[in-house]
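Below you'll find the structure, written out as structure tokens, and then a few comments.
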Amino acid sequence: MSFFEYGVQQLINALSIGSLYALMAIGLAMVFGILRLINFAHGDLMMVASYTALFLLIDGFPFLGAAIVAVVVAAIAGLAMERVAYRPIRGAPDVAMLLTSFAVTIVLENVAVLTVGARSRAFPAPPFLSTVFTLGNLTVSSVNVVAIVTTAILLVLLTFFVRRTDTGISMRAAAEDLVAAQLMGININRVIAYAFAIGSGLAGVAGLLWAAKVGKVDPFMGFSPVLKAFIAAVIGGFGTIPGAVVGGYVLGFLEIFLQGILPGQSSAYRDAFVFGILILVLLIRPNGILGVQEREEI
Amino acid sequence: MLRLENVEVFYGNIRALKGVSFSVREGELVTLIGSNGAGKSTTLNTIVGLLHPRQGAILYEDEPIHRLSPFQMIQRGISLCPEGRRIFGNLTVDDNLRMGAIQRRDPEGVRQDREWVYALFPVLAERLHQLGGTLSGGEQQMLAIGRSLMSRPRLLLMDEPSLGLAPVLVQTIFQTLQQLKAQGTTILLVEQNAHQALEIADRGYILETGRIILGDAAATLRTNKLVVQSYLGG
Amino acid sequence: MDDSLSRPVSVAQPTTWQRYAGVATPLLLLLLVTLYIQGASSAYIQRVWIILGLDIILVASLNLFNGFTGVFSLGHVGFMAIGAYVSAILTLPLEKKAINLPDLPAWLAHIQLGFFPAILIGGLAATLVALAIGRPVLRLSGHYVAVATLAFLVIVRVILINATPYTRGSRTFSGTPAYTTVWWVYGWALVTIYVAWRVLRSPYGRAMLAQREDRAAARSVGVRVLRSRMWAFGISAFLTGVAGALWGHYILSFSPNAFYFAETFSIITMLVVGGMGSISGSVIGAILVVLLSEVLRNLEGGFSLGVVQIPPLYGMSQILMAILFIGILIFRREGLLGGREIDLTKLFVVDYWRSVFRRKEV
Amino acid sequence: MKRIGSLLSLALVIALLVSGCTAPAPSSTGGGEAASAPAETIKIGGAFNLTGELSSLDVPAANGAKLALAEINAAGGVDGKQVELIIRDGKTDPATVANITTQLIDSDKVVAMIGFTDSDSALAAGPLCQEAGIPFITAGATSPKLPSQVGDMMFLTPFGDNVQAAVGAEFAYDRFGPKAYLLWDKGTEYTTLLADYFKTRFTELGGEIVLEDTYQSGDKDFSAQIAKAKSLGEQPDFYYISAVPDDIGTTVKQFREAGITGPIVGGDGYDTPLLVEVAGDAANNVFFTTHALMDADNGSEAVKSFIEAYRTEYGHDPENAFAALGYDTMKLIVDAIQRAGSTDGAAIAKAIEETQGFPGVAGELNYSASEHVPRKGVTMIEVKDGKFTLAAEMVPEKVPAP
Amino acid sequence: MSSCFAYVRPTQWLRLDDARSFADSDSRQTDQSERTDAARLDNGQILLQVRNLSKSFRGLLALQGYDLTLRAGEILGIIGPNGAGKTTLFHLLTGFLTPTTGTIHFRGEDVTSAPPPVIAEMGLTRTFQNIRLFDSLSVLDNVMVAQQLHTSYAFWETIIGWPTFLRKERSVRQEALDLLALMGLADQARRRADELPYGGQRRLEIARALATRPAVLLLDEPAAGMNPHESDQLHQLILDLRREFALTIVLVEHDMRLVMNLCERLQVLNYGEIIAEGLPEDIRRHPRVVESYLGAAH
């Protein structure tokens, strides 16, 4: 394997993992943009989607059908979460909302342990998600390609949605100025519901791709990705969709390249570097790479 | 058309409105005058449902509306053009207007109204695809007014439209208001620039520390001693 | 009983002896309960009592930062880890050191300190780290501090795992001498509460609260925001480090896994339940959460309600605690005490009782 | 204040409740889960992390123990007395782990204790048992240092990691060659120890680790590590990957997908159906050391009937090796109590020390006064066509010092 | 409400004895009292010198070419339409914003980019247009926060409650109570600041500003929300405070009657520029001012 091939291979790896982070980060950013809520329970929607798909697949559903149902279930779960836990505390201090989402995570994960059990289960990915292409020394598994392509398509659709449709523009309007948006006659409950539904749906997609990539599901599977997505969203510029996407890919590249470059055992320090860079980004650009500089509060 | 009856509004423990009552009749231009902190914006925000009164009632065409939320006000034809413009800086001029018409389901009418707003403020038509945040203060104010008009309101509430504008622009804005009134829109105007507000208004109310202390025809108010002394800088 | 909070009261200001009585009563009560538990209760109750004391220190010191300054640290468990590891390394008997930590540098390999100095050094180590990271991190506003401190927690964990010569990496650190007793714990708990109260009633505390309430107004009257946050962070890190040291010498065996999100969330729950910014709230939050989760845990093994047999549902206690937590955030956003204090002094003011009884008559 | 007053009184009531619950009252009122509770019983404590991060290891172990308990009681218990297993949940939290241990010892008055699959918990519970003079057998913690760290009441059911790592190193050195790639999870004690012991033994044999890499617990994407391995000029003779059961299927799957076809070697963390379920055909050419061949078709009779019973009881195959270990642990402790003829802790511990040739599902167990980590043969499994097959039964030539 | 507003009659709230004792205790307590310094200043000495000050936000000029020479003891009024740059000017003078160009010298020292606490310490402080108190703190604590600027505490004596600390605290508290008495707030000292009526909050904000012992006090629309009667009382208060505390005052206000009667000199801002400067009677007749601000009626 030449150095060039090695670089290309790592690039593909970074794109693939970055795509998943981006998908997750978008959902976090949409909700944050409007409500200033950092929804840690977002990761558990991945879990909800992949378990739904798993059970349907076991019952003999075709994969695409199961995937669609799973994404819809994730969206519904997101809506329910908003209605039950987040709407009552809307307008509370940011930290109170963040903590609520921690609590929601605890509830969801423990309910999962109680109902489906703590054990991991194999996720039967269909052949189109589990074949491997070989190009010379490069090997690319189809799930990575599907992840990259799906994310790209979803990004295009999402961009169209937020730029061209009434609901999408309302969403951006609400993120910018909730009060003015209300004065326009925008039903913010609906807009927030849309943000949750779409974000959760994307988390569902990410969950399925994640499950296919990892090959199994378990009740705690969402924790590590949501932490990463959260970092991605902050690095990119919290609350903006392009920021979330950029952050997702930046984080993907950071992780892969640090793991690839750090020699021997020092690669175990990778996360320290990643999170150190996070702090640096906050110091240099407090509002993230794409974040807009807010005026100093006076 | 609009009637406030003994409305009391609290921010936490602070009583911001202490029993405000006044009315606006169809086709009128009524102005609400008062200094900073008197409760003018609070009054408007309460009418459109951003705040809810703890006491009292707000009647719109004899229907109580003080428990409704802002988007239901738009449905009833009440629109507030907020203080400080509050346009969406990251949206284009066109999209800002589109947001103003978000609840309307008649694309043709919306298109016509958009043309009408562009005719009203030709400078906006030149900046169709510019982001709202890049407009100058005066242009933003025009956009804000245009945006409020897009819902085709029957009652338009204006919160300090002259704020921070050059005199010549203030003239333009006030002319626009008169024009709108002539076209049949009822207007409730909140202003600090009492002088000019009373010039174009039919009637006026003076709001002081959460209470209406005076209400009369605009012409009468202009000669009232107290008003002249405190609000016209006599 | 509304008046026993520090709200404006019409009764006369308490006299000196009333004030002393107000302070002495809870102390006496604490002493009696502790003595009773030490003498007459099961080892389990004694254990819960000690854990409660440890949690009171942790919550009160977290409150000193999060509650007083209004910026939220999610990284305090990192200081706890520093305190625990530093003091454990320092007190580890030499022969165990040779076996468990063979790669220690010579200067560390040949010292063995007593408990008290080790606690202090553990706390100071946490303070040093806090001051080093505080300078950049505390400049940030709002929840970005939360994000950055969360990152700090992750970094601490990574370093603990990789600093194998000192921490044994991910392997369990064991052999810590069992020094922690109920007296150590409650002694430090009292110190923590005293310090928090002292800070609150001092220029340092007033500056913290002022910048919490309104940053700009505080700066306009000469409050240096970063400096006041640094004080809070440093003191709070010291006490958290102390708590970590006590915790380490009580649990005896631990690994980096002990100092991560689960512990973070548990302390924050207590803080928020009690009410941020209130010292008595911290104590009440800790009592309530520790006792309630113990009760729930004891019930989740299954029990019978007359005819109905409840099957074991492990995980139910976590679920119920989380729901309780959400409920408190929804219905009492400010926590149970909402930043106010319980002031027992009032109990010794005659007028107060008069007012209580008069109200009853009405 | 009224509300706060009532909250305080609530707290008081709760405090009373706690003491009520935990006073040396019969466990039926609120103690742990009582699997069966007739009048005169022998109580054994079962401390497991049934919730939290470790639940995927501890739940199978607890299930195995409960299965064994049912069989024991069905067979008449010990000298006519039924055995009761009081299970409590440590919640993967050190303070709670210590709490439940104290509760089991102090409130439930158990005569012996089993449980936990990790050293953190075992080391938090062990000293408390030691102090109370109650034998404690861990069902899954494999650090060979445990008995020396805790004392003479501490026993292991599984072999020490040093033993299986030595077997892995010797087997792979002979069979595949002297060049190894080593990857391990740096956030977990088990995987760290296994990798350490493997490295020690392998280099001692003259082998060379050509590339050493790590990942963090929780990582599910190994592509960067794999690309790094692939960029080696010459591929190593085999890949030693030290991973926990939850990760191993994923790791093998991703290695194979990237085109690495060489033999992958590891420890008993691989002994889970997930390996084949997740990795599928990719699991071929994987070798690992474990306690016994846990296969419903090819295993021993004991193994077959254990798997059968587990399936009947829980509706699925044993999740991993810990199920069998939990089962063996329960059987062992009851056997020891029977042989001791007493519920005295020292007597039970002595009986455990005298155990010779105890036929566990996960291998034969032998203890002595100096060996609280059982002397046990190590089974080397090879995955062929999606099946676990026996590659070798070995005793290491030399075991790295614990 | 008017009763809430009504200042206690001047003779009551400003008993000169109290004021003097406040002043005395002041010079006793601190080695180098800022205010006695200020008192020693000759009227007419230049305190604040601003040259060519400009500030732009995202290309929009909020203030340009602003000059000011402020002499000790005067009362300067700044008027102009909303958005003319008055508040921006206050932010610049007190360090909340850094100017784009220009310099600010206070007492001969360059404070152009000094942060607010430093400027406050040097003796320049302000109130805010919309009252900004420390809401959940007691009235007394609100003042004590500002006072500590001139008292030095060692950390160790604070933390253990050493007698030296307690003594300092007692005297600081007494000073604060004196100051509150002066403002007619003594009996409210233990209430939460946000429980005060509007007028009380205004007075507390001034008390808090005074506690920093300023030489120059910037008042941002202190009469906002007051009726003519109350604004008359404010007029008297400002005059009394100037005398008692040897203050130099800059006043931004819309209440023309107050401004015209109180101020000795006026600056008129429009579009960030000074369009007129001079004596009140001249300003009243200044054509540009009449046109852009006062209106044609004058």
Where a ≥ b ≥ c are root eigenvalues of the Cα gyration tensor, a/c under 1.5 meaning rounded, otherwise prolate if a/b exceeds b/c and oblate otherwise, segment A:1-95 counts as oblate
Each label sits 7 Å from Cα toward the beta-carbon; between B:Arg67 and A:Val84 the label points are separated, in nm, by 2.8 nm
Rounded to the angstrom and largest first, Cα extents along the principal axes for segment B:109-207 equal 41, 29, 19
For A:Thr115, placing the label point 7 angstrom along Cα-to-beta-carbon and taking segment C:286-319, residues whose amide nitrogen sits under 19 Å are C:311-319
PRE zone check, label point 7 Å out along Cα-to-Cβ of D:His316, amide N under 20 Å, scope segment D:240-259, hits D:244-253
Segment C:50-144: relative contact order from alpha carbon pairs under 8 Å, six or more residues apart, as a whole percent, is 33 percent
Around C:Val158 (Cβ within 12 Å, Cβ-to-Cβ, excluding C:Val158; K/R +1, D/E -1) the net charge comes to +2
For the pair E:His229 and D:Glu301, the simple spin-label estimate (label points 7 Å beyond Cα toward Cβ) gives in nm 10.7 nm
Hydrophobic long helices for chain A, i.e. whole DSSP H runs reaching 27 angstrom or more by Cα along the axis with Kyte-Doolittle mean at least 1.6, come out as A:94-116, A:142-164
Which of A:Lys213/D:Lys398; D:Lys220/D:Lys331; A:Lys213/D:Lys387; C:Lys346/E:Lys168; D:Lys91/D:Lys186 exceed 28 Å between C-alpha atoms? The answer is A:Lys213/D:Lys398; D:Lys220/D:Lys331
Given all pairs of distinct Cα atoms, chain B yields a Kirkwood Rh in Å of 18.0 Å
With R₀ set to 25 angstrom, the calculated FRET efficiency between the beta-carbons of B:Arg76 and A:Val179, to the nearest 0.05, is 0.85
Once amide hydrogens are built 1.01 Å from N within the peptide plane, the residues lying 5 or more places from E:Leu269 or on another chain with amide H under 5 Å from its amide H are E:Ile79, E:Gly80, E:Ile275
Measure of exposure for D:Glu277: accessible area at 1.4 Å probe, Å² rounded to 10, is 110 Å²
1/(1 + (r/R0)^6) with r = Cβ-Cβ of B:Ala182 and B:Arg3, R0 = 25 Å, i.e. FRET efficiency to nearest 0.05, evaluates to 0.55
The local net charge around D:Thr389, scoring Lys/Arg +1 and Asp/Glu -1 for residues other than D:Thr389 whose Cβ lies under 12 Å from its Cβ, equals -2
With Cα springs under 10 Å, the Gaussian network model of chain D assigns the largest mean-square fluctuation among D:Ile72, D:Ile352, D:Ile248 to D:Ile72
With -39,500 (n - 2.57) per DSSP H segment of 4 or more residues and division by the full residue count of chain A, the 222 nm estimate, nearest 500 deg cm²/dmol, is -24000 deg cm²/dmol
Sorted by chain and number, the residues with a modelled amide H under 5 Å from that of E:His286, at a separation of 5 or more or across chains, are none
Once phi for every residue in segment C:309-314 is put through the Karplus expression 6.51 cos²θ - 1.76 cosθ + 1.60 (θ = phi - 60°), the whole-Hz ³J(HN,Hα) values, with Gly and Pro written as x, are 9, 8, x, x, 9, 5
For the pair A:Asp59 and C:Ile310, the simple spin-label estimate (label points 7 Å beyond Cα toward Cβ) gives in nm 3.1 nm
Ordered by number, the residues of segment E:129-151 with at least 40 Å² less accessible area in the assembly than alone (1.4 Å probe) are E:Arg132, E:Phe134, E:Leu137, E:Val145, E:Gln148
Counting sequence-distant residues (5 or more places) and residues on other chains, those with an amide H built under 5 Å from that of E:Thr248 are E:Gly73, E:Val216, E:Leu217
A convex hull over the alpha carbons of chain A yields, per residue, a volume in Å³ of 145 Å³
Interface buried area C-A, accessible surface with 1.4 Å probe, both sides summed, nearest 100 Å², comes to 3500 Å²
Phi-derived 3J(HN,Hα) across segment D:206-219 with the Karplus relation (6.51, -1.76, 1.60, θ = phi - 60°), rounded Hz, x for Gly and Pro, is x, x, 10, 8, 7, 8, 10, 9, 9, 9, 9, 3, x, 5
For segment C:20-258 the mean separation of alpha carbon contacts under 8 Å (6+ apart) over residue count, i.e. relative contact order in percent, is 38 percent
Log entry: pair-distance distribution for segment A:58-139, C-alpha pairs binned every 5 Å from zero, whole % per bin is 3, 10, 13, 16, 15, 12, 11, 9, 7, 3, 1, 0
The protein assembly as shown accessible area per residue, 1.4 Å probe, protein heavy atoms, integer Å², reads 35 Å²
Once Lys and Arg are counted +1 and Asp and Glu -1 for all other residues with Cβ under 12 Å from that of D:Ala347, the total becomes -1
Ignoring ligands and nucleic acids, D:Lys398 exposes an accessible area, probe 1.4 Å, in Å² to the nearest 10, of 100 Å²
Ignoring ligands and nucleic acids, E:Leu179 exposes an accessible area, probe 1.4 Å, in Å² to the nearest 10, of 0 Å²
The Cα extents of chain D along the principal axes, largest first and rounded to whole Å, are 71, 59, 39
Rounded to a whole number, the mean other protein chain Cβ count within 10 angstrom for residues of B:95-101 is 5
Rg from C-alpha atoms of the protein assembly as shown, normalised by the globular rule of thumb 2.2 N^0.38 Å, equals 1.01
The Kirkwood hydrodynamic radius of segment A:163-298, taken as the inverse of the mean 1/r over all distinct Cα pairs, in Å, comes to 17.1 Å
A convex hull over the alpha carbons of chain C yields, per residue, a volume in Å³ of 185 Å³
Segment C:206-362: relative contact order from alpha carbon pairs under 8 Å, six or more residues apart, as a whole percent, is 18 percent
If the label point sits 7 Å along Cα→Cβ of E:Asn52, residues of segment E:67-92 with amide N under 13 Å come out as E:67
Helix B:107-120 sits off the longest principal axis of the Cα atoms of chain B, rounded to the nearest 10 on a 0 to 90 degree scale, by 70 degrees
For segment D:154-246, the Cα convex hull volume per residue in Å³ comes to 99 Å³
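The values are calculated or read from the model by the stated rules, or taken from the named source; none is laboratory data. Fair warning: this is a prediction, and the values are worked out from it, not measured in the lab. Neighbour counts run over all protein chains shown; Cβ positions are idealised from the backbone, glycine included. Note: accessible area is taken over every heavy atom of the protein model, side chains too, but ligands, DNA and RNA are not part of it. Shrake-Rupley method; radii C 1.70, N 1.55, O 1.52, S 1.80 Å.
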